[in-house]
1. Based on this model, can you work out whether residue A:72 counts as within 16 Å of DNA strand D (Cβ to nearest atom) and surrounded by 14 or more Cβ atoms within 10 Å (Cβ to Cβ)?
2. Please go through region A:19-47 and give me each residue that is more than 17 Å from residue A:84 (Cα to Cα), part of a helix (DSSP H, G or I) and touching a residue at least 12 places away in the same chain (Cβ under 8 Å), ordered by number.
3. Among the numbered criteria (1) within 11 Å of DNA strand C (Cβ to nearest atom); (2) within 14 Å of another protein chain (Cβ to nearest Cβ); (3) surrounded by 13 or more Cβ atoms within 10 Å (Cβ to Cβ), which one does residue A:43 miss?
4. Being over 27 Å from residue A:46 (Cβ atoms), within 9 Å of chain A (Cβ to nearest Cβ) and either in contact with a strand residue (DSSP E or B) (Cβ under 9 Å, 6 or more places away or on another chain) or at pLDDT 90 or above (or both) is true for just one of B:15, B:27, B:61. Which residue is that?
5. Which condition number does residue B:36 fail, the rest of (1) within 14 Å of chain A (Cβ to nearest Cβ); (2) away from DNA strand C (no atom under 16 Å from the Cβ); (3) touching a strand residue (DSSP E or B) at 6+ places or on another chain (Cβ under 7 Å); (4) more than 19 Å from residue B:9 (Cα to Cα) being met?
6. Of everything in region A:51-85, what is in a helix (DSSP H, G or I), more than 10 Å from DNA strand C (Cβ to nearest atom) and in contact with a helix residue (DSSP H, G or I) (Cβ under 9 Å, 6 or more places away or on another chain)? Give them in sequence order.
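The values are calculated or read from the model by the stated rules, or taken from the named source; none is laboratory data. Note that this is a predicted model, so its numbers are computed, not measured. Glycine gets a Cβ as well: all are built from the backbone with ideal geometry, and neighbour counts include every protein chain shown.
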DNA sequence: TTAAAGTACTTTATAAATTAAAGTGATAAA
DNA sequence: TTTATCACTTTAATTTATAAAGTACTTTAA
């Protein structure tokens, strides 16, 4: 049994913005670009880049539609993303001295 | 009351290697370079750079001595580092759906 | 009606951080 | 002696993240 190492934490998830995206997407059916931006507190460019990264990893999917006349990007976590996120949390709990009450 | 944002997570701490360093140093009086390297599972160069970063932030202190004839770097968390680490954990617990049992 | 401001992003450029490779200086082993 | 090893540091290369521009509209307001 190898000792638990911090390198086990999925680097795709271990980014403040991507962690925020996945945390939100794990708890709602889907979320818009604007909603994510507001909740996470980042810039348009940064959010865009990180969503693209997560989509590239197959952790989320994005659908582009229109809300009236305005473009609307809707994001959703995938099964793979949900599994990776759960595993990330599990690893964190094993590694950190957390005391959730 | 502003919504909780992931940008509140201290970027100095939110790095897999530095998180590992602080987690260990928070639970022991001090630790050697070799011990940290083994426990965290990283390379010499990476560990060295991250220790220097933490020292620069005032989160840890390093003492260089000799163990017999070999150089020995001993690391210790500072009060500031301990406070920042606690705050990081507190923020994480507020942000993530953790279920520590 | 048309100019200005806003929305909802993406793309490109720049800065910062991580990782990998090479380097240092000493000891120990063959 | 030369080869290897230890305990790191430094430099270089790659990857990330942040910031600045850019695109393609829509809405408001003169």
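1. It is false that residue A:72 is within 16 Å of DNA strand D (Cβ to nearest atom) and surrounded by 14 or more Cβ atoms within 10 Å (Cβ to Cβ).
2. Passing the criteria: A:33, A:36, A:39, A:40, A:46, A:47.
3. (3)
4. On the way: B:15 fails: over 27 Å from residue A:46 (Cβ atoms); B:61 fails: within 9 Å of chain A (Cβ to nearest Cβ).
That would be B:27, the only listed residue that is over 27 Å from residue A:46 (Cβ atoms), within 9 Å of chain A (Cβ to nearest Cβ) and either in contact with a strand residue (DSSP E or B) (Cβ under 9 Å, 6 or more places away or on another chain) or at pLDDT 90 or above (or both).
5. Of the numbered conditions (1) within 14 Å of chain A (Cβ to nearest Cβ); (2) away from DNA strand C (no atom under 16 Å from the Cβ); (3) touching a strand residue (DSSP E or B) at 6+ places or on another chain (Cβ under 7 Å); (4) more than 19 Å from residue B:9 (Cα to Cα), the odd one out for residue B:36 is (2).
6. Answer for region A:51-85, where residues must be in a helix (DSSP H, G or I), more than 10 Å from DNA strand C (Cβ to nearest atom) and in contact with a helix residue (DSSP H, G or I) (Cβ under 9 Å, 6 or more places away or on another chain): A:53, A:54, A:81, A:82, A:84, A:85.
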